[in-house]
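A.B. asks: I have a structure here, written as structure tokens, and I will follow up with some questions on it.
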């Protein structure tokens, strides 16, 4: 007991004296502090960058799994909203992930908010045929549509050569789109004639296409769709076999221009399909007609075709024999 009291009453040993700093010059001390601070900042920045890289890798992986899932379900297109909901990514993170997939050949941004998914078979070409996705694209835009003009003629086996652009008719103005060597041209048509549109199967689903009668009408009604009458006549030579006289006559009064129908009848006669035009001629007698030039871009001078009231002001020569 006495020993314990004596130890408690004994003076405490002196505390160790802190070693003297090695910086006699304050400037050296300040420089060292700045160096340490810069090192800490660099360490934190590297940690942040590593974390961002990991997050970016996970984002790309998530987006790639979504695209593969679409392809596994036979889907070759998706919207930005669908990708966001499926992956949980938003804004810049989603855009960066899709940009990485674009560089890797998995996706193609076709229009704002609408993407194409490419399988291994199409990654080399870098694009899909429009028949594969035009129906989904129109659904994304929220409009009715049909494939028409020379593209519809090709579907019906009447295209002498592949059209330069894939021609689509919609009730709104849409700028031409060129992606991966595939050009899509949209022609504005306020009233889509549903009764004259057929459904065709594509490798990715279905798409809508004008029937042969409406195709013949559009080829002449839209000069930008078919740039020359010689090409139109070539189409008519091969398309005439598929034309139904009754359906052709029903175009009269169905928001179809009488002048264009006169030219359709005249050109069908000139390409050897007189047996297809009888009902159309009868239907046109019930509406008011006036003399029209065959080529509206040229002066109305030439031989007059009294049957159709058309001035044949152009020497039309199809590229195939009628």
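The values are calculated or read from the model by the stated rules, or taken from the named source; none is laboratory data. All of these numbers come straight from a predicted model, not from anything done at the bench. Ideal geometry is used to build each Cβ from the backbone, glycine not excepted, and the neighbour counts take in all protein chains shown.
A.B. asks: Residues being within 33 Å of the chain's Cα centre (by Cα), outside any helix (DSSP H, G or I), at pLDDT below 95 and within 19 Å of residue 292 (Cα to Cα): count how many of those fall in the range 229-256.
C.D. replies: Matching residues across the range 229-256 total 2.
A.B. asks: Does the range 284-304 hold any residues that are touching a helix residue (DSSP H, G or I) at 6+ places or on another chain (Cβ under 7 Å), farther than 16 Å from residue 216 by Cα and surrounded by 18 or more Cβ atoms within 10 Å (Cβ to Cβ), and which are they? So that I can check it myself, show each step before the final result.
C.D. replies: Going residue by residue through the range 284-304, those that are touching a helix residue (DSSP H, G or I) at 6+ places or on another chain (Cβ under 7 Å) are 284, 287, 289, 292, 294-295.
With farther than 16 Å from residue 216 by Cα added as a condition, the list becomes 284, 287, 289, 292.
284, 292, listed by residue number.
A.B. asks: Related question: Taking only pairs six or more apart or across chains, which ones have beta-carbon atoms under 8 Å, a first residue in the range 72-87 that is farther than 14 Å from residue 108 by Cβ, and a second residue that is modelled with pLDDT under 95 and in a strand (DSSP E or B)?
C.D. replies: Correct list of pairs: 74/205.
A.B. asks: Moving on to the next point. Tell me, yes or no, whether the range 84-96 has at least one residue that is buried (at least 21 other Cβ atoms within 10 Å of the Cβ) and under 17 Å from residue 203 (Cα atoms).
C.D. replies: no
A.B. asks: It is to be established whether one or more residues within the range 123-142 are closer than 22 Å to residue 239 by Cβ and surrounded by fewer than 18 Cβ atoms within 10 Å (Cβ to Cβ).
C.D. replies: yes
A.B. asks: Follow-up. If I filter the range 146-153 for residues that are more than 23 Å from residue 97 (Cβ to Cβ) and free of Cβ contacts under 8 Å to residues at least 12 places away in the same chain, do I get at least one hit?
C.D. replies: The answer is no; no qualifying residue exists.
A.B. asks: Regarding residue 229, is this residue surrounded by 14 or more Cβ atoms within 10 Å (Cβ to Cβ), in contact with a strand residue (DSSP E or B) (Cβ under 8 Å, 6 or more places away or on another chain) and assigned by TED's automatic domain parsing to the domain that holds residue 188?
C.D. replies: For residue 229, the condition - surrounded by 14 or more Cβ atoms within 10 Å (Cβ to Cβ), in contact with a strand residue (DSSP E or B) (Cβ under 8 Å, 6 or more places away or on another chain) and assigned by TED's automatic domain parsing to the domain that holds residue 188 - is not met.
A.B. asks: Let me ask something else about it. Looking only at the range 214-231, count every residue that is touching a helix residue (DSSP H, G or I) at 6+ places or on another chain (Cβ under 6 Å) and farther than 17 Å from residue 155 by Cβ and tell me the total.
C.D. replies: 2
A.B. asks: Still on this structure, I have one more. Go through 185, 153 for me and flag whichever is in a helix (DSSP H, G or I) and modelled with pLDDT of 95 or more.
C.D. replies: Result of the check over 185, 153: 153.
A.B. asks: Quick one: which residue in 279, 275 is modelled with pLDDT of 95 or more, over 22 Å from residue 312 (Cβ atoms) and assigned to a helix (DSSP H, G or I)? Outline the logic, then answer.
C.D. replies: Working: 275 fails: over 22 Å from residue 312 (Cβ atoms).
Only one candidate passes the filter, namely 279.
A.B. asks: Let me spell it out: the conditions are (1) in a loop (DSSP other than H, G, I, E, B); (2) assigned by TED's automatic domain parsing to the domain that holds residue 191, and residue 319 meets all of them except one. Which number is the exception?
C.D. replies: It fails just one condition, (2).
A.B. asks: Right, something else. How many residues does the range 282-316 contain that are in a helix (DSSP H, G or I) and under 22 Å from residue 158 (Cβ atoms)?
C.D. replies: So the answer is 0.
A.B. asks: Only residues that are surrounded by fewer than 18 Cβ atoms within 10 Å (Cβ to Cβ) and not in a loop (DSSP other than H, G, I, E, B): list them for the range 188-201, please.
C.D. replies: 188, 194, 195, 198, 199, 200, 201
A.B. asks: Could you please tell me which pairs satisfy a Cβ distance under 6 Å, a separation of 6+ or placement on different chains, a first residue in the range 277-305 that is in contact (Cβ under 8 Å) with a residue 24 or more places away in the chain, and a second residue that is assigned to a loop (DSSP other than H, G, I, E, B)?
C.D. replies: 289/309; 294/313; 294/314; 295/313; 295/314
A.B. asks: Please specify each residue of the range 233-247 satisfying the condition of being touching a helix residue (DSSP H, G or I) at 6+ places or on another chain (Cβ under 9 Å) and farther than 19 Å from residue 168 by Cβ.
C.D. replies: Within the range 233-247, 233, 236, 238, 240, 241, 242, 243, 244, 245, 246, 247 qualify.
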